[in-house]
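Here's the structure, in structure tokens; my notes come after.
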Amino acid sequence: MRIWFHKVAGLLGLEETQEESVRAVLALAARRSASIGISDIDGVAQPTPLCGFVADLEDESFVISRPTNGAERKPLAMGEHLHISIGADQGFFHGDTIVLGRFSDSTGSGRRYGYRLSLPKALVHEERRNLHRVPVAFDLAPSADLIRMNGSESLGRGTVLDLSEGGLRVRIGVTTLLRKGDTLFLRAKFPATIDDFEARVAVAHAAASRTGSTVDLGLRFLDEQQQLTQQIRALEIRRIQRPGLVG
């Protein structure tokens, strides 16, 4: 469910302007180094594999770490219009912003680098946490074996690209036709942080990867993964506590 934050304040009888509501969200996000997802203004309204965290709130702007796409830093251009998603206790806040320029300063632990962004005019609260995808391929290198549920046909072994509370995305070289709704048995292996797990999944979507020789499968869990949910949240916390601003 999506809620306009300033409307919530009005329902609670709070005399708080929309700008003050936005600043309150960003102030808390900065104190917590809240994780963020970034896409261009035409992108989907949930975090993408382009990640970072909120570092500071200023009078007319807020500061984020240098965003990354997997293991690579992604430069932002001044004037670029972005859609940003900010992690919160009960989901995410989404809004639009503009890149104002680069940021750097010195601290006791070294020099920090990031970007200044304009304050969003409004933030929308998204409660459905399972929309948030956590990239895992670049540092955990997890594998996934897929088997058809209606037989013993193995589809082979692929790489888990990202993971959420509702499903995961796997890159795999398949030679058989897969349709939306097909049910599969998945066996995932993680070298660290996430325990190995097995699950029944359904194909949500399939698309050829950029290499052309593999397919990216979006898979939805058919059963609740309570332990996995806890570990995903622990992984998010571990990542946002990294000194990502230190250059």
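List of remarks:
- Inter-label distance, residue 24 to residue 141: 4.7 nm, where each label sits 7 Å from its Cα along the C-beta direction.
- Working from the Cα coordinates of the stretch 49-192, the gyration tensor eigenvalues give, after taking √(5λ), semi-axes of 37, 18, 13 Å in decreasing order.
- Inter-label distance for residue 149 and residue 176, nm, one decimal - labels placed 7 Å from Cα along Cα-to-Cβ: 1.5 nm
- In the stretch 135-235, one over the average inverse separation of all distinct C-alpha pairs is 13.5 Å, which is the Kirkwood hydrodynamic radius.
- The charge dipole of the stretch 141-204, taken about its Cα centre with unit charges on the Cβ of Lys, Arg, Asp and Glu (plus for the first two, minus for the last two), comes to roughly 260 debye.
- Applying a DSSP loop filter and a limit of 11 other Cβ atoms within 10 Å to the trypsin sites (Lys or Arg not before Pro) in the stretch 176-235 leaves 179, 180, 210.
Readers should treat all values here as calculations from the given coordinates under stated rules, not as data from a laboratory. Here the structure is a predicted model, which is why all the values come from computation and not from measurement. Cβ sites come from the backbone with ideal geometry, for glycine too, and all protein chains shown count toward neighbours.
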